[in-house]
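So the structure is just underneath, and the comments pick up after that.
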Amino acid sequence: MLSRVADALFWMSRYLERADHLARAVDVTFQLDLDLHGVLANPVELEWNALLSLLRQPPPQIRDGEHPVGAVQRWLLLDMANPGSVMSCVNRSRNNARSIRGSISPPMWRELNKLYWRLSDAGLPARVAESPHDFCEETQIGVLLFHGVCEATLMHDEGWHFIQLGRHLERAEKVLRILDSKFGLLERSDAADLPINNLQWGAVLKNCAAYEAYQRLYISRVEPERVVEFLLTNPDFPHSVRFCLSRIQQSLTEISGRLPDRCDDEVVRTVGRLLSDLVYLEGEALDGERLHSFLGNALTRCARIGSLLQQQYALQ
């Protein structure tokens, strides 16, 4: 496969996954803000600024008459001047898809193109200042439709595997970053903070589309240690880091055409070592500074995986 095509498929998928994650994060923060309003003073300072920090986004410029929360929502969802906004990510994904339309199925292009124009419709962005929920939901549904069509209409060949690489690498990084950003919550033990902590850890699960799956597995209140373990090591949940890395390993194996134990590529070895660490992760490592160190190390290795992919397959 031409490196140009592989590059476009990889980034088409990665930008779309980024848009999906960002839309979900804004919607979850909006709901959490409503839950905490009246319980905590200045929830905008606590939750929306925390979201900007998590996403590594600078505070937006507040326009005349604009509410600070509305400014953050506009900046993260709509502002094309922000390269990390939902609209910018969807636009970049669409541009990559348009450059290789012959390598994707026509229904894939139609779904991605429809998503872009639905989000660009004047009515939907106009309601963001009042409530971002509809915009965020439209984004998430559009991404799900795109990937559903991709699964059903595209040959599961090299091109499909580059799409999976972009999707699962982006997803793994985002889950690790969410857990790392919420590490401080594990240090809280005051019983008075328990209801608020439960809300915030519930929001962590919702940010990873994991709330219902977690409840189905544990049938109990949200417990931080179990949340961390579930999102890191569960082998069957599509948003867990272990699941994502296993899919990355599988796609790399298919692209190289060699068995995992016979593949000497540095990127395969890096993925395999991190995946092995998750498979054999001990419970004691999920608490305290050891967890913080593990998450930071895992994020560094995910960044290295992306860099190695760029070197090996000329992805830019």
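Brief remarks on what is shown
- Filtered residue count, the stretch 266-316, keeping only those that are modelled with pLDDT under 90 and among the aromatic types (Phe, Trp, Tyr): 1
- Condition met for GLY142 (assigned to a helix (DSSP H, G or I), of a type in the set (Gly, Ala, Ser) and either in contact with a strand residue (DSSP E or B) (Cβ under 6 Å, 6 or more places away or on another chain) or within 20 Å of CYS244 (Cα to Cα) (or both)): no
- Residue satisfying all of: in the stretch 118-148; at pLDDT 95 or above and among the polar types (S, T, N, Q); surrounded by the most Cβ atoms within 10 Å (Cβ to Cβ) among these: THR139
- Scanning the stretch 154-196 for residues that are under 19 Å from the mean Cα position of the chain (by Cα), outside any helix (DSSP H, G or I) and at pLDDT 95 or above gives no hits.
- The helices (runs of 4 or more DSSP H) found wholly in the stretch 217-296 and carrying at least 3 residues that are more than 17 Å from GLN164 (Cβ to Cβ) occupy 224-233, 266-279.
- Candidate set: the stretch 133-150, residues that are more than 18 Å from the chain's Cα centre (by Cα) and of a type outside the set (Val, Ile, Thr); chosen: the one nearest to HIS67 (Cα to Cα): ASP134
- GLU151 meets each of the listed conditions (1) surrounded by fewer than 18 Cβ atoms within 10 Å (Cβ to Cβ); (2) modelled with pLDDT of 95 or more; (3) closer than 24 Å to GLN31 by Cβ apart from (3).
- Note on the stretch 24-50: residues that are farther than 18 Å from SER131 by Cα and modelled with pLDDT of 90 or more total 0.
The values are calculated or read from the model by the stated rules, or taken from the named source; none is laboratory data. Quantities reported herein were computed from a predicted structural model and do not represent experimental measurements. Note that we place each Cβ from the backbone using ideal geometry, even for glycine, and neighbour counts take in every protein chain shown.
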